[in-house]
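Inspection log for the structure reproduced underneath, given as structure tokens.
Values in this text are rule-based calculations from the coordinates and carry no lab data. Just so we're clear, the structure is a prediction, and the values are computed from it rather than from any experiment. We place every Cβ from the backbone using ideal geometry, glycine too, and count neighbours over all the protein chains shown.
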Amino acid sequence: MLISGACLLFSTTALAGKEDFKLPIKVDSKSQFVDGKRKTSVFKEDVQVRQGSLSIDADEVRVSAENGKGKEIFIAIGKPAVYSQTMDDGSKITAKAGEIRYEVESRTLELNGSAELHQDTSMVRGEKISFNLEKEQLIAGGDESDGRVTTVFQTDDKN
């Protein structure tokens, strides 16, 4: 797996919306299945996960709460699944992938399958991206065929 220098993408002053993590997580969908014994839920069709400005939209979301309150794991599946969040400085981060795994306790996202993450005018693309929402640090890896990660830094157009 390649490690990208894409950490340079993100401003150290633009912290993730810290207040978002203090808010409850709301899930809306057209259908839902709950297994109380296993502490799992499956939400299907037009699923929307919201926690303050944190937003995940997907075709299906699986939630595991077996580790207790505040330690839930959300796995969003879509074509693609889409994440967005407004940072404390007002900037916005967006991402998309075939699968987005959000771990509440560690405040991390794992993007798998044609993953792409944008902030301001910069972008990183790879088969897999791990992103710490609080620290805004990421590790990106390419796919098995070429093993490449692409990072694009947009410059000011002064023309």
- Query: How many percent of Cα pairs in the chain exceed 18 Å?
  - Reply: 59 percent
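Counting alpha carbon pairs within less than 8 Å and at least 6 residues apart, what relative contact order, in whole percent, applies to the chain?
20 percent
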- Note on the structure: Most fluctuating of V42, V124, V61 in the GNM of the chain (C-alpha, under 10 Å) is V42
- Hey, fewest Cβ within 10 Å first, where do I93, I75, I100 land in order? I75, I93, I100
- Averaging 1/r across every pair of distinct alpha carbons in the range 31-78 and inverting yields a Kirkwood hydrodynamic radius, in angstrom, of 11.1 Å
- Task: Select from S31, S53, S145 the residue whose mean-square fluctuation is largest in a Gaussian network model of the chain (Cα-Cα springs shorter than 10 Å).
- Result: S145
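Averaged over every viewing direction, what's the projected area of the C-alpha convex hull for the range 101-152? Give it in nm², one decimal, please. Walk me through the intermediate numbers first.
Values: hull surface 14.6 nm².
If you wrap the Cα atoms of the range 101-152 in a convex hull and average its projections, you get 3.6 nm².
To the nearest 20 debye, what charge dipole does the range 5-144 have about its Cα centre, counting +1 at the Cβ of each Lys and Arg and -1 at the Cβ of each Asp and Glu?
Working: 20 positive and 24 negative charges, 93 e Å.
Magnitude of the dipole: close to 440 debye.
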- Tally Lys and Arg at +1 and Asp and Glu at -1 over the other residues with C-beta under 14 Å from the C-beta of K128: what net charge comes out? -3
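Starting with the fewest neighbours, write out M123, M87 ranked by other beta-carbon atoms found within 10 Å of each beta-carbon. Walk me through the intermediate numbers first.
Values: M123 18, M87 22.
Placing the least packed residue first, the sequence is M123, M87.
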